[in-house]
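**Q** I have a structure I would like to understand better, so I am pasting it below and will then ask my questions one at a time.
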Amino acid sequence: MAQDIGDPPNVSGWGAYYQAPQFHEIWINSDTLPKRNRFTDTMITTGYTRNGKKIIIDAVAFTNTLPNPADPNALIDDALSILYRVPLSATTKQTLKQQILLTNQTQDYYWTNAWNAYIADPTNASNYNVVNTRLKSLYQYFMNLSEYQLN
């Protein structure tokens, strides 16, 4: 079988013959993709609990670490540079911005005003909920796109 015992070709060992020619991308199929999407949906919405420990993605805290979260274009670009390895089309980014961050408005200041209102008074539940709801929807959508699965 051309496999010298104790002398694999690399640290991963020998390649699985049954995966040719797809190899590492074979995990993307009609069974695993919906499960992966359900997991990321759970992580961004309700969180995952095991052994009394809860893990949840805090969309607002993550966004606050980005260089310019008040600008919806910069926010999307900066978040994608962290979450994605493949580029997302400008059309898709524009659609996501308008439908999610701007809630179908056309002017960027709708998001900027919402973010700045939250930053000015982070204890205001109404301001937090507006920003949190939009960001959760945005990140959930990011993690459900096919490009995210190629990371």
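**Q** Return the long-range amide H neighbours of Leu88 (sequence gap of 5 or more, or a different chain), with a cut-off of under 5 Å between placed amide H atoms.
**A** Sorted by chain and number, the residues that satisfy this come to none at all.
**Q** Please work out how much length the chain gains when fully extended from Val60 to Asp121, using 0.36 nm per residue of separation minus the C-alpha to C-alpha distance, in nm with one decimal.
**A** In short, 20.6 nm is gained.
**Q** Per residue of the stretch 103-115, what does 6.51 cos²θ - 1.76 cosθ + 1.60 with θ = phi - 60° give for ³J(HN,Hα)? Whole Hz please, x for Gly and Pro, Karplus curve as stated.
**A** Calculated HN-Hα couplings, in order: 6, 6, 8, 10, 9, 4, 5, 4, 6, 4, 5, 5, 5 Hz.
**Q** Mind scanning Lys93/Lys136; Lys53/Lys97; Lys35/Lys136 and naming the pairs with a C-alpha gap bigger than 24 Å?
**A** Lys53/Lys97
**Q** Would you work out the charge dipole size for the stretch 30-150 about its Cα centre, treating the Cβ of every Lys and Arg as +1 and the Cβ of every Asp and Glu as -1, and quote it to the nearest 20 debye?
**A** With only Lys, Arg, Asp and Glu charged at Cβ, the dipole is about 520 debye.
**Q** Can you put Phe39, Phe142, Phe62 in order of Cβ neighbours within 10 angstrom, beginning with the fewest?
**A** Phe39, Phe62, Phe142
**Q** Follow-up question, since we're still on this one. What is the sum of charges around Phe39, taking Lys and Arg as +1, Asp and Glu as -1, for the other residues whose C-beta is under 14 Å from the C-beta of Phe39?
**A** That sum, taken over residues with Cβ under 14 Å, equals +2.
**Q** Using only the alpha carbons of the chain, what is the convex hull's orientation-averaged projected area in square nanometres?
**A** 13.3
**Q** Here's a follow-up. To the nearest 500 deg cm²/dmol, what mean residue ellipticity at 222 nm is calculated for the chain from DSSP H runs of n ≥ 4 alone, each contributing -39,500 (n - 2.57), summed and divided by the residues?
**A** Rounded to the nearest 500, it is -14500 deg cm²/dmol.
**Q** Within the set of other residues whose C-beta is less than 15 Å from the C-beta of Tyr118, count the net charge using Lys and Arg as +1 and Asp and Glu as -1.
**A** Every neighbour counted, the sum reads -1.
**Q** Rounded to the nearest 0.05, what FRET efficiency do Asp77 and Asp31 have when you use their Cβ-Cβ distance and R0 = 35 Å?
**A** It comes out at approximately 0.60.
**Q** Highest GNM mean-square fluctuation, the chain, Cα pairs closer than 10 Å: which of Val131, Val60, Val86?
**A** In this elastic network of the chain, the residue with the biggest mean-square fluctuation among Val131, Val60, Val86 is Val86.
**Q** Is any residue of the stretch 54-73 close enough, with backbone N under 19 Å, to a label point placed 7 angstrom from the Cα of Thr95 along the Cα-Cβ axis, and if so, which?
**A** In the stretch 54-73, the label zone of Thr95 (backbone N under 19 Å from the point 7 Å along Cα→Cβ) covers 73.
**Q** For every other residue with a beta carbon closer than 14 angstrom to the beta carbon of Gly13, add +1 if it is Lys or Arg and -1 if Asp or Glu, then tell me the sum.
**A** Spelling it out: positives minus negatives among the neighbours equals -2.
**Q** Which one, Gly47, Asn104, Pro69, projects farthest toward the positive side of the charge dipole computed for the chain from Cβ point charges (K/R +1, D/E -1)?
**A** Among Gly47, Asn104, Pro69, the one farthest towards the positive end of the dipole of the chain is Gly47.
Every read-out reported here was derived from the displayed coordinates using simple, explicitly stated rules and does not represent laboratory data. Please read these numbers as outputs of a predicted model, since none were measured by experiment. Note that each Cβ is placed from the backbone with ideal geometry, even for glycine, and that neighbours are counted across all protein chains shown.
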